[in-house]
1. Evaluate the relative contact order of segment 89-246 (contact order divided by residue number), counting alpha-carbon pairs under 8 angstrom at least 6 apart; express in whole percent.
2. Taking the Cβ-Cβ separation of Arg405 and Ser342 as r and a Förster radius of 30 Å, what is the calculated FRET efficiency to the nearest 0.05?
3. Whole Å is fine, so just give me how far the alpha carbon centre of segment 252-267 lies from that of segment 313-380.
4. Taking the alpha-carbon centroid of each part, what is the distance from segment 9-67 to segment 425-481 in angstrom?
5. Tell me, in nm to one decimal, what length is gained between Lys270 and Ser371 on full extension, where the rule is 0.36 nm per residue of separation less the Cα-Cα distance?
6. In which sequence would Phe412, Phe246 go, from the one with the fewest C-beta neighbours within 10 Å to the one with the most?
7. Rounded to a whole number, what is D in µm²/s for the chain from Stokes-Einstein with the Kirkwood radius over alpha-carbon pairs (25 °C, 0.890 mPa s)?
8. Mind giving me the FRET efficiency for Arg92 and Cys149? R0 is 30 Å, r the Cβ-Cβ distance, nearest 0.05 is fine.
Amino acid sequence: MTSLLSRILDCGPKRVPSPIVSTDEVLPCHLLDDTFALRGYTYMWMFHFADVLDPDKLHLALSQLFEMEGWRRLGGRIRLGPNGKAEIHVPRAFTPQRPAVHFTKEQYTIPMSEHPLASRLPRAGDKPAVVPNASEFQNLGVGPGAARCFDDFIYSDLPQFSLHVVTFADGTLVSLGHSHVTTDLGGVATILSAWSLVLANRPGDVPPFATYHDDPMDQLCGPQDPPAKEHVLSDIMLTGWRLVLFGLRLLFESWWNPPVEARTICVPHKTIDAIVQEARNQLPHLVGGESEGAVKREKAFISEGDVLAALATHITSRGLPKGSTRRVMTLMVINMRTRAPSVFWPNMSYVLNASSAIFLSSTANRAQTMSLGELASESRNAITEQATESQIRALASIGRDTMLRRGREPVFGDINMKLAMISNWSKIRVIDQIDFGPAVLKSTQNNSDARGKPIFYHADNGKQSGGFNMPVFIVMGRDRNGNLWLRGNLPTLMWSDLLEYLNKV
């Protein structure tokens with residue numbers, strides 16, 4: 001009670017920022033990096049290897065990467081400037097006292113199966129099932145002294161990345177931690193690939209770092225270069241009193257409805273393959289001649305991602321009364337690096353937040369009754385219309401304006417809509433970016449090609465319970481055996497609906 005009153009009255013003990021080092025180079029954060037929302041996420045990426053790896057080799061390679069030209073930005077410290085904005089302070093030289101990476105390690109002589117926590121690491125089964133969440137493994141993924149929240153960065157001299165390596169007799173857990181203010185998953189994947197190259201003594205093959213000073217958003221949506229086209233949803237952008245009413249409704253529903261729960265689900269490859277194929281079979285039959293059919297095949301194409309977006313929309317709609325005409329708006333996160341080639345050049349490294357969004361709009365009654373294939377087709381249509389570079393530029397321009405004037409991203413829809421979000425990481429193929437073969441000391445794998453490559457990865461964003469009650473679906477992608485891993489924040493009944501759907505296939 002005393003600590004609660006201290007926080008309310010703002011009279012408790014205050015943390016003191018680490019002293020500014022005058023010789024550090026000060027760099028501004030990129031436009032999409034320093035937002036109120038992203039400050040709330042401190043990620044832990046845990047990679048599970050069936051090999052015993054050398055922790056010091058891994059640390060040395062990552063440190064060497066962050067000492068390379070441009071990449072030095074990632075060894076900097078997050079500070080708050082006089083205006084309250086985050087900025088990056090890069091040491092002129094990295095030293096043992098001010099390293100490029102916060103490194104810790106642990107060693108166990110027992111196999112993982114005998115460790116009380118490591119023995120619970122998720123494994124795929126024959127049926128869709130809930131598995132332990134990444135947050136349950138924080139004690140194995142976050143080393144002593146590592147940052148666990150944004151304040152830990154600004155009130156210390158910790159670098160932006162922490163590396164914690166735990167070795168066992170039959171495997172290794174390699175965990176990388178950072179603030180979402182530093183980068184998104186696309187940037188993490190870039191780091192993992194470059195780290196592997198340095199470990200293999202191939203630093204010359206590391207793509208140049210493109211964002212030490214430059215912000216791609218200046219080229220994508222700079223005030224000097226207004227977009228040629230308006231965004232297709234600009235007419236339903238929420239502003240003024242409509243935005244206030246939507247926020248109040250979202251806040252009320254978050255208070256009134258049951259809280260969301262964070263869970264992780266493993267879907268066997270046979271199950272997800274069957275769901276995708278069934279959805280494709282639900283598309284209209286092709287008719288006409290060969291040339292006409294070729295056009296119709298293109299129009300009828302749906303990807304696995306479309307099917308999963310449709311499933312997220314369907315499950316969200318089932319949380320509303322049957323037959324409801326309320327709009328369901330599913331925000332689909334996309335990676336701008338592959339969608340805006342005039343800004344994001346090939347063979348360059350972009351480590352920052354570079355996400356955009358596609359908006360899939362439906363009504364609850366339609367999403368409840370349509371086949372998954374038909375709903376997936378609407379997802380494909382939304383992507384086709386909104387994922388062009390011109391539309392991404394238009395959305396980025398709107399986002400730049402709202403970020404600079406109000407410090408938030410734009411919202412599209414109506415004041416009564418049910419908002420959901422899905423982020424699909426499949427295309428980034430996280431585990432395929434890693435090859436730690438040169439650090440293998442002992443392997444339990446018979447396949448030499450698999451040595452030094454992770455068999456599974458976990459991700460925890462460090463977000464505490466609370467905030468808006470909005471369904472969030474994260475598609476982590478498939479493992480090396482084709483099983484699909486999903487995580488998210490959903491109400492209990494919505495999780496039950498999702499598992500029921502997956503298990504009926």
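1. Working: 128 pairs, mean separation 33.1, N = 158.
Result for segment 89-246 is 21 percent.
2. 0.70
3. What the calculation gives is 19 Å, centre to centre.
4. Computed from Cα coordinates, the inter-centre distance equals 20 Å.
5. Here the answer is 34.4 nm.
6. Phe246, Phe412
7. 101
8. The value I calculate is 0.60.
Bear in mind that the values in this text are calculations on the coordinates, not laboratory data. None of the values given here were measured: they were computed from a predicted structure. Every residue, glycine among them, receives a Cβ derived from its backbone with ideal geometry; neighbour counts consider all protein chains shown.
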